[in-house]
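Notes to accompany the following structure.
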Amino acid sequence: MSLVVASSPGRIDVMARELNSSSGFPVIGEFESTLARFRSLLAQIDFSKVNRIAVGGVLLHPEPDNASAYDTLGKFLPNIKFDAESREFFYQINRPFGVEVEGFDDFKFNSIRRWSAVQLQLLSLEGSSVYTKVSVASRLELDVNSPADVELSRTVGAASRALEIVVDNLIEVARGGCNA
């Protein structure tokens, strides 16, 4: 895995990427264990001047075929019914949630979730021959962030507390909790 840190005035982006993936999909490992390693790296950062926290990720569950991908999506979205002919499903929702953060009134985080079934087709060329490999996955994209209009840096420890809340929400949604 490679860790990319990009910094510009007012913003730091930390991104983890796998160097080589045998599945065809870009992956960095099992979500919760990877997130635990990521958390330990973030614990070394001074957040005292951070105004906003945002953490996101794309979770892929490899599937043998499209029908299996829709079966998996149905388990996470029990109020949506899929049949064998379902195709091109995409569902997005922002489910803001409020928490108490010391020094702030009515503090709400955004919790954006996007579910879909995806298919990746890899083509390889060897001389005049073309080889195709198709990979299918159920997909959950997560983006949890603090409000843009709130300056976390005005309260000591607020950014670190916000980061913990954001990561806990990512884990809860990935486990199937609080889904729409």
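The values are calculated or read from the model by the stated rules, or taken from the named source; none is laboratory data. Note that this is a predicted model, so its numbers are computed, not measured. Counting neighbours? That spans all protein chains shown, and the Cβs are built from the backbone with ideal geometry, glycine included. Accessible surface areas use protein heavy atoms only, side chains included; no ligands, DNA or RNA. Shrake-Rupley method; radii C 1.70, N 1.55, O 1.52, S 1.80 Å.
Some points to look at:
- Lys133/Glu85 FRET efficiency (R0 25 Å; Cβ-Cβ; nearest 0.05): 0.55
- Charged side chains reduced to their Cβ positions (Lys and Arg at +1, Asp and Glu at -1) give the chain a dipole of some 180 debye around its Cα centre.
- The mean sequence distance of close C-alpha pairs (under 8 Å, at least 6 residues apart), as a share of the length of the chain, puts its relative contact order at 26 percent.
- Here the accessible area of the chain is 50 percent carbon and sulfur, with a 1.4 angstrom probe and all protein chains present.
- Segment Val5-Thr155, extension gain: residue separation times 0.36 nm, minus the distance between their alpha carbons: 51.5 nm
- Sequence-distant lysines (8 or more away, or on other chains) whose Cα lies within less than 24 Å of Lys108: Lys49
- Degrees separating the helix 66-76 axis from the principal Cα axis of the chain, which is the longest one: 30
- For the chain, a Gaussian network of Cα nodes joined below 10 Å ranks Tyr91, Tyr131, Tyr70 by mean-square fluctuation, and the top entry is Tyr131.
- Per-residue ellipticity at 222 nm from helix content only, as computed over the chain with -39500 (n - 2.57) for each DSSP H run of at least four residues, stands at -7000 deg cm²/dmol.
- Accessible solvent surface per residue of the chain, calculated while the other protein chains remain in place, 1.4 angstrom probe, Å²: 63
- Only alpha carbons enter this Debye calculation for the chain, each as an equal point scatterer, and the log10 of I(q)/I(0) it gives at q = 0.11, 0.13, 0.15, 0.17 Å⁻¹ is -0.58, -0.77, -0.96, -1.13.
- Proximal aspartates and glutamates to Lys133, defined as alpha-carbon separation beneath 19 angstrom and excluding residues fewer than eight positions away on the same chain: Glu63, Asp65
- Take each peptide in 74-84, 166-176, count the other Cβ atoms within 10 Å of every residue, and average; sorted highest first, the result is 166-176, 74-84.
- Overall form of the stretch 72-167 per C-alpha gyration tensor (a/c, 1.5; a/b vs b/c): oblate
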